[in-house]
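One structure is given below, encoded as structure tokens.
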Amino acid sequence: MSVGVLKPPDASVTRDRSELILAQLDRLPTLSTSIARLMAVTSDDASSTRDLIAVIEPDPSLASSVLRIVRRSDLGARQEDMTVAKAVRMLGFEAVRSAALSHQFFQALSDPDADEEATARRNGLWRHCISTACAAQQLAEALDRGPSPGEAFVAGLLHDVGKIALEACFPKSYARVVDR
């Protein structure tokens, strides 16, 4: 039996391949500036409800997401007089942050040009991430120490962010891996 010797890859081939991969990173979904500001405000202990409202109100997508959550929850709110300010006060900082991140994550997983298989794959990933986020939040609520429920939710939501990067940069390769 003969033993083959593996040769290290050619440095120029490795460099070219690395550059191709890095070029694909421009295709990754990004956080909106509103979400980035919202994360900064909700992470700062000195921030007020007014600061949070000032971030949400100018962003129609974010504002509608927060209002939708209040309408769907059973908080005793009347729909006709609901404002972003009232919704933020009812939900609180952590719930607003979780809702906004969930909305942004869903937007990142949405691709109107995707075929049926890609859409199904992304929807499955979305359901998995939301389920993980909810489970992490419930675990944090049950524990006396550790992350806050809101932090646990965010960690669960974003735990597979690498899969989103792979799917966005290398959709065909990612599809083959998922299929196998």
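Relative to the 2.2 N^0.38 Å rule of thumb, the stretch 118-180 has a C-alpha radius of gyration ratio of 1.32. Kirkwood-type hydrodynamic radius, the stretch 55-178: 16.0 Å, calculated from all non-identical alpha-carbon pairs.
If the chain linking Ser148 and Glu19 were pulled fully straight, counting 0.36 nm for each residue of separation and taking away their Cα-Cα distance, it would gain 42.5 nm.
Coordinate-derived values only; no laboratory data. On a predicted model such as this, the values are computed, not experimentally measured, just so you know.
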